[in-house]
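None of the figures in this text is laboratory data; all of them are computed from the coordinates on show. What you are looking at is a predicted structure, and each value in this text was computed from that prediction instead of being measured. So basically every Cβ, Gly included, is an ideal-geometry build from the backbone, and we count neighbours across all protein chains shown.
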Amino acid sequence: SFDVEARQSGITVTVAPHQTIAQALIDAGVDLLTSCEQGVCGTCATAVLEGEPDHRDQYLNRMEHASGKIMTPCVSRCKGARLVLDI
Ligand code: FES
């Protein structure tokens, strides 16, 4: 598991292996919009403030993935122990 902080919302969640970042955040009350929940539509795309995303989507392009500045919390995860998102 790893922690994700939704900085604007002032909420930090621990994401278990069986759940998505999006689900953990929404369950905790973060106002994150999702649609496809399969990493293809981009609805959930969120800016990354700290930490390294583990990209699993097909929406962002190679340069966006490499930048580490944006991620799709419906499918993507975290390479380290903690991710801070701008939401
Ligand atoms: Fe479609 Fe995340 S909800 S990419």
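Could you list all residues from region 28-64 that are more than 12 Å from residue 85 (Cβ to Cβ) and buried (at least 17 other Cβ atoms within 10 Å of the Cβ)? Those that are more than 12 Å from residue 85 (Cβ to Cβ) and buried (at least 17 other Cβ atoms within 10 Å of the Cβ): 34, 39, 55, 57, 59, 60. Among the residues of region 21-69, those identified as hydroxyl-bearing (Ser, Thr, Tyr) and out of contact with any helix residue (DSSP H, G or I) (no Cβ under 6 Å at 6 or more places or on another chain) are 35, 43, 46, 59, 67. Screening residue 79 on (1) more than 13 Å from the ligand (Cβ to nearest atom); (2) within 17 Å of residue 20 (Cβ to Cβ); (3) surrounded by 14 or more Cβ atoms within 10 Å (Cβ to Cβ) shows it passes everything except condition (3). Scan region 25-42 for residues that are under 13 Å from the mean Cα position of the chain (by Cα) and free of Cβ contacts under 8 Å to residues at least 24 places away in the same chain and the total you get is 2. For region 30-87, the set of residues classified as in a strand (DSSP E or B) and closer than 14 Å to residue 6 by Cβ consists of 46, 47, 48, 49, 50, 71, 78, 82, 83, 84, 85, listed by residue number.
Of the residues screened, residue 54 is not one that is within 25 Å of residue 10 (Cα to Cα), among the acidic types (Asp, Glu) and touching a residue at least 40 places away in the same chain (Cβ under 8 Å). Candidates are the residues of region 1-19 that are in contact with a strand residue (DSSP E or B) (Cβ under 8 Å, 6 or more places away or on another chain) and assigned to a loop (DSSP other than H, G, I, E, B); the one that is nearest to residue 42 (Cα to Cα) is 7.
Assess whether residue 56 counts as being among the basic types (Lys, Arg) and within 11 Å of the ligand (Cβ to nearest atom). Break it down into steps so the answer makes sense when it comes.
Values: among the basic types (Lys, Arg): yes; within 11 Å of the ligand (Cβ to nearest atom): yes.
For residue 56, the condition - among the basic types (Lys, Arg) and within 11 Å of the ligand (Cβ to nearest atom) - is met.
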